[in-house]
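Read-outs: derived from the displayed coordinates by stated rules, not from any lab. Quick caveat: nothing in here was measured; it's all calculated off a predicted structure. Backbone-built Cβ (ideal geometry, glycine too); neighbour counts: all protein chains shown.
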Amino acid sequence: MDERLKDRLAFLGGIASGLAHEIKNPLSTMTITLGLLREDFETSESPRDRRILKKIQLLESEVLRLEHILQDFLRFAGGHTVKPQVVSVNGWLGELLDFFEPSLREADVRLHRRLAPKLPAVLVDRELMKQAILNLLTNAQQAMPRGGDLTVRTWSSGDRVRIDVSDTGVGIEPQLLPRIWEVYFSTKETGTGLGLPTVRRIVAEHGGEVTVESRPGRGTQFSIFLPVPPTIESSEALRLPGASRGDTSLTNLLAPAGGREERRP
């Protein structure tokens, strides 16, 4: 990680706890007060009270948005203490997908699991990496407002384990791709611009890297590469045929595959 970025993150981490105290308490007071006001006006049928109720509801949504911004900032700048442990990628990832799949079904998004067998274990902080993957899954779901296909793949890539999250959504314009890692840059109206920088930071703290490939109107694929410590690397790790021949491109990965696939109803 770049030294200037490290210094900046250290500075942000130092002020994060103070910021949380100074902002969270007033926001909580506003949330409670607005909720009480809403209850006072919800049962009224007068035109004046209905107008007031709409304004209260608007304020509630804005306060909620501020709370989300604060939470994202604290996750990004709060200073992570990485507590790595040996993890079976497919087992840990499967649990996470089980948790997230109901929200995908509600959004008419079909989840495809293509988890390679006999992957080597990795050293990760389960909670931090869960946060990173959830950010990618959420982005993928939001990129498909009319439904679509979300594919999660794992495989062994040299001395690293690779996790791909691919969607068939709206994609990202080429001129915007370099900017998606910038703090506070977002293409979404309600985005905080901290989700992807947080993903990148967490992965970097594990000695890995994250890449992206996208085509407007075709979809986006994020790939996380995590190092396999030599002491726990498995000689039986699956190496997908043709990986060195470029068949892991977005075009092939987004297309429904006829090979091995682990599906859940």
Legend entry - Local net charge near Phe41, Cβ-Cβ under 9 Å (Lys/Arg +1, Asp/Glu -1): -2
Legend entry - Likely footprinting exposure, His112, His206, fewest C-beta neighbours within 10 Å first: His112, His206
Legend entry - Residues Val109, Val124, Val86 arranged by fewest to most Cβ contacts within 10 Å: Val86, Val109, Val124
Inset, instruction - Treat the count of other C-beta atoms within 10 Å as a stand-in for reagent exposure and order Val82, Val212 from fewest to most. - result: Val82, Val212
